[in-house]
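The values are calculated or read from the model by the stated rules, or taken from the named source; none is laboratory data. Bear in mind that the values here come from a model prediction, so they are computed numbers and not experimental data. Glycine gets a Cβ as well: all are built from the backbone with ideal geometry, and neighbour counts include every protein chain shown. Quick note on the areas: whole protein, heavy atoms, side chains included, nothing else; ligands and nucleic acids left out. Shrake-Rupley method; radii C 1.70, N 1.55, O 1.52, S 1.80 Å.
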Amino acid sequence: MFRSALLGLALLLPGLRAAAPPPVASTDPLHWSKLSPLPDREGFAFPYAGISNGALLVAGGANFPDKKPWEGGAKVWYDTVFVLEKPDGAWQTAGRLPRPLGYGVSLTTSDGVACLGGSDLQRHYADCFLLRWTNGRLETAPLPPLPKPVANICGAQLGSTIYVAGGLETPNSTIALQTFWALDLVAARPQWRELEPWPGPGRMLATAAVQDKSFFLVGGTALAPDAQGKPVRTYLKDAYRYRPGHGWQRVTDLPHPVVAPPTPAPALDQSSFLILGGDDGSLVNFTPLAQHPGFPGRILTYHTITDTWRDSGKMPRAHVTTPLVRWGDTFVMPTGEVRPGVRSPDVWALRAAPQQAASGPKPNVLFIAVDDLRVSLGCYGDPLAKSPNIDRLAGEARMFTRAYTMQAVCGPARTAIMTGRLPDQTRVWHNRHLFRDTHPDTVTLPQLFKQHGYHAQGLGKTFSGDEREEDPASWSVPATLKAEGWKNYALPRGDAPGKQAPYEAADVPDEGYSDGKLAALAVETLGKLKQQGKPFFLAVGFFKPHLPFNAPKKYWDLHDPAKFDLPGEPQRVQGAPETAYHTHRELGGYSGMPKDERLGAAQTRTLRHGYYACVSYTDAQIGKVLAALQRHGLDQNTIVVLWGDHGYALGDAGRWCKGTNFELDARVPLMVRLPGMAQPGRPTASLIEYVDLYPTLAELAGLPAPAYLAGRSFAPILRDPAQPGREFALSQFSRPFNAGAPQAMGYTIRTATQRYTRWVDWPARQTTAEELYDYTAPGSAEPRWTTFVERRNLIDDPASSAARDRLRGVMDQVLRERSIVTPERPATDDAAKTPRKKKRQ
């Protein structure tokens with residue numbers, strides 16, 4: 001029952017759709033405004049609040065309606081539920097709670113507002129339930145009860161799991177709980193589990209946050225009995241991070257204690273969150289209470305990657321003991337306590353202003369893609385490469401030496417980059433799969449920029465090399481995949497059907513092939529964009545070094561063919577399963593190539609020569625585009641990103657092209673240049689995934705990225721290359737590689753030193769084979785200039801059992817919590833009737 005009802009839960013707020021809304025940009029200043037106040041003259045402390053079907057619900061809570069506590073007034077709990085259907089609307093009374101309640105946890109899910117625990121005047125409760133606003137009616141539905149009664153708790157939702165921490169078991173408790181519970185809402189039989197508690201003291205009125213794939217527990221107050229048995233509060237400033245599967249870690253303490261601020265704390269981007277005010281204990285003994293000046297409203301920002309706090313100003317009026325609700329691109333703070341015993345009916349809304357409004361013009365983005373480019377570049381240390389223009393860019397940028405694609409084939413790899421979603425989330429595992437068939441409302445990376453005033457334009461191969469996979473919604477003007485006269489071959493091709501020769505070296509100028517024409521168009525477009533005077537996102541996708549290896553003769557002449565001989569080496573990795581290898585023979589389809597792709601030494605030498613010639617050819621075209629950017633004076637306000645969509649094999653270990661989870665295919669070249677960036681030219685070994693590009697560029701431009709993104713921003717690494725990246729990078733590949741449903745899927749995680757791969761049947765995800773490679777062990781992997789070639793699978797090696805078991809656990813967590821397969825959407829009649837365009841020849 002719960003599994004079907006709650007499948008696809010959003011992290012914080014689904015709004016009107018199943019997908020969560022974009023996070024607020026992580027930049028100052030913060031903009032505050034007021035919505036219509038609650039229809040109660042006092043307001044409430046710790047009501048339940050959240051979003052259901054696009055409407056804001058506020059329910060229950062407590063106040064002092066007649067006299068204040070210093071006048072002998074009594075606290076009263078309420079059961080009224082209020083609803084606000086739109087931000088500029090008026091409040092209505094929606095209905096009643098099962099009983100008067102307050103001081104629990106409330107969280108927005110896609111199935112309603114989860115209300116967990118809480119209290120009334122007499123007791124604390126373990127009850128949990130959902131509030132739903134459906135067609136103008138309030139509904140409730142049960143959830144599994146908590147393990148014990150509890151109030152004054154905090155909690156947040158990470159993926160499909162709700163976490164609840166701390167609190168008090170009874171109104172008379174003298175010790176705060178150190179309990180940590182979790183409820184997986186999409187489990188077959190959802191039940192609360194008790195997890196290992198944080199290493200600090202028990203606490204109540206703490207703050208919860210979810211960010212960077214982790215749950216954070218911040219501040220609160222400890223409780224202990226004094227000599228007379230009366231509870232004494234200790235205000236806390238410690239903070240902890242819980243990563244599922246890895247446990248707790250203490251992070252940097254707050255600058256000062258924080259108790260009962262609005263919770264869950266608002267997440268600004270992919271790597272930071274805010275603590276909005278809270279009681280710091282500085283006025284705990286203030287008298288007389290009637291003249292209490294109110295709680296301090298200092299705002300703190302925590303950055304999850306740098307593990308630092310910074311002061312971010314003050315709130316216009318501090319509210320404590322109140323939930324925080326995300327509503328669209330706004331965080332809402334409904335009611336709350338403004339000083340001891342005094343509530344307020346005010347409803348405040350918070351959003352962050354775009355960064356560039358405060359700091360200058362919006363930055364342009366030049367997004368350069370290179371098809372089938374592995375790390376065969378001089379800047380990566382390849383002695384055979386001649387790539388002076390890309391090397392020069394690397395000397396001015398941040399070059400990533402450990403960047404990994406999500407799937408080593410162009411369509412899925414590019415979809416992951418452009419949508420910020422994993423292949424399982426988009427169901428794009430093949431070039432013919434379309435992400436809008438699964439998520440029609442996806443906002444792509446260029447579309448995000450377009451929505452925020454940018455001119456977004458795509459030239460060349462951006463999403464795909466096939467018109468059927470283009471995405472018109474992403475661009476301000478129709479994309480130019482290929483213009484008239486752009487051909488793969490400069491010499492006559494003859495009348496042979498299908499693919500022709502796998503290489504060509506015609507004695508023609510650069511514009512004799514498509515990449516030369518593309519570079520000329522990009523240079524011309526930059527000139528027009530300069531005149532237009534509007535911020536732009538320009539994607540330029542070069543076609544080479546993809547097969548066929550066709551480049552003007554002068555680029556072949558740059559290289560000595562004798563240097564491209566490969567040493568004798570085994571054809572297969574020892575102990576690797578058959579499914580590790582692709583059966584799709586890309587090279588074998590070209591004229592004159594053996595179907596099994598088992599080439600002789602001469603053919604191998606020529607094709608490797610052709611690949612490097614194409615790299616040099618494309619490098620020259622990229623140099624022209626970068627020179628034009630500088631010539632037009634645009635380089636000082638343009639972020640330049642250069643990326644290859646996946647790696648490539650050139651006969652290494654007897655394998656050609658891409659389509660595997662091996663290092664050669666999964667590792668990619670990536671470099672990012674920022675205007676005035678710190679430590680330009682210093683590379684980083686921090687691990688990143690290609691889904692991280694989307695949130696990074698959004699953060700750099702001050703744009704609100706969608707909350708559903710699978711990536712996280714690596715902007716801190718651009719500021720400091722020593723900053724840590726991911727603990728591991730995820731990739732995958734399906735078998736067979738065709739437009740039908742997968743029969744098997746291989747998931748792989750790359751750590752700094754190892755790679756673990758699991759092959760599963762589909763869709764049950766039952767393990768059928770495993771691989772383990774250690775890149776520090778010569779018998780397992782062999783260094784090949786800039787990368788590694790796997791030699792022996794260590795999955796059954798007793799000496800590697802500890803690493804194997806640890807990585808198995810990590811993979812279990814990835815498949816359970818991160819790479820969740822989106823259910824297939826039923827085809828509509830209109831979709832079935834609409835033929836797709838044929839591929840342009």
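Using a Förster distance of 60 angstrom, determine the FRET efficiency expected from the C-beta separation of HIS31 and SER591, and round it to 0.05.
With a Förster radius of 60 Å, E is 0.45.
Could you pull the accessible area for THR134 with a 1.4 Å probe, rounded to 10 Å²?
In the full protein context, THR134 sits at about 40 Å².
Grab the Cα-Cα distance for MET677 and ASP79, subtract it from 0.36 nm times how many residues apart they are, and report the gain in nm with one decimal.
Result: 209.8 nm gained on full extension.
For TYR503, what residues show an amide H to amide H distance below 5 Å, using hydrogens built from the backbone and excluding near sequence neighbours?
Amide H neighbours of TYR503, under 5 Å, 5+ apart: PHE549.
Express the accessible area of the chain per residue in Å², computed with a 1.4 Å probe while the remaining protein chains stay in the model.
About 37 Å² of surface per residue is accessible.
Multiply the residue gap between ASP391 and GLN451 by 0.36 nm, knock off their C-alpha separation, and tell me the result in nm, one decimal place.
Contour length minus Cα-Cα distance gives 18.2 nm.
Extension gain LEU283-HIS246, at 0.36 nm per residue separation less the Cα-Cα distance, in nm?
On the way: separation 37, 0.36 × 37 = 13.32 nm, distance 3.82 nm.
Length difference between fully extended and current span is 9.5 nm.
Helix 514-532: angle to the longest alpha-carbon principal axis of the chain, degrees 0 to 90, nearest 10?
40 degrees
Give a residue-ordered list of calculated ³J(HN,Hα) values for segment 616-622 (Karplus: 6.51 cos²θ - 1.76 cosθ + 1.60, θ = phi - 60°; whole Hz; x for Gly, Pro).
Values, residue by residue: 5, 5, 5, 4, 5, 5, 4 Hz.
Nearest 5 percent is fine: what portion of the DSSP beta bridges confined to the chain is antiparallel?
85 percent
With θ set to phi - 60°, apply the Karplus curve 6.51 cos²θ - 1.76 cosθ + 1.60 along segment 96-107 and write out the HN-Hα couplings as whole Hz, x wherever there is a Gly or Pro.
These are the phi-based 3J(HN,Hα) values: 10, 6, x, 7, x, 8, x, 6, x, 10, 10, 9 Hz.
For segment 776-826 and segment 261-302, write down the distance between their C-alpha centroids in whole Å.
44 Å
Below 8 Å, C-alpha to C-alpha, sequence gap of six or more: please give me the relative contact order for the chain in percent.
12 percent
Tell me, what % of the accessible area of the chain is carbon and sulfur with a 1.4 angstrom probe?
51 percent
Can you run phi through the Karplus equation (6.51, -1.76, 1.60; θ = phi - 60°) for segment 400-417 and list ³J(HN,Hα) in whole Hz, with x for Gly and Pro?
Here the 3J(HN,Hα) series is 9, 8, 9, 9, 9, 6, 7, 7, 7, 7, 4, x, x, 4, 6, 4, 4, 5 Hz.
Distance between Cα centroids, segment 428-458 to segment 102-124: provide it in whole Å.
Using only Cα atoms to place each centre, the spacing works out to 38 Å.
Residues in segment 381-424 near a label at ASP329, defined as backbone nitrogen under 19 Å from the 7 Å Cα→Cβ point?
Residues passing the 19 Å test: 419-420.
Mind listing the long-range amide H neighbours of THR263? Cut-off is under 5 Å, sequence gap 5 or more, other chains count too, H placed in the peptide plane at 1.01 Å from N.
Excluding prolines and chain starts, which carry no amide H, the hits are THR322, LEU324.
Label points 7 Å out from Cα along the Cβ direction at LYS487 and ALA799: separation in nm?
5.8 nm
Ordering VAL332, VAL443 from largest to smallest accessible area (1.4 angstrom probe), what's the sequence?
Largest accessible area first, the residues go VAL443, VAL332.
Assuming R0 = 56 Å, what is the FRET efficiency of ALA90 and ASP437, from their Cβ-Cβ distance, to the nearest 0.05?
0.90
Could you give the distance between the Cα centres of segment 595-619 and segment 139-161, to the whole Å?
59 Å
Per residue, how much space in cubic angstrom lies within the convex hull of the C-alpha atoms of the chain?
164 Å³
Once you put a point 7 Å from the Cα of ILE175 and another 7 Å from the Cα of ALA520, both along the Cβ direction, what distance in nm separates them?
It is 8.1 nm.
With runs of 4+ DSSP H residues as the only contributors, calculate the mean residue ellipticity of the chain at 222 nm using -39,500 (n - 2.57) per run, divided by the residue total and rounded to the nearest 500.
-4500 deg cm²/dmol
What spacing in nm lies between the two simple spin-label points modelled at VAL821 and GLU139, each 7 Å away from Cα in the Cβ direction?
Simple spin-label model gives 2.9 nm for this pair.
Show the residues, 5+ positions off or on another chain, whose built amide H is closer than 5 Å to the amide H of GLY541.
ALA369, LEU459, GLY460, LYS461
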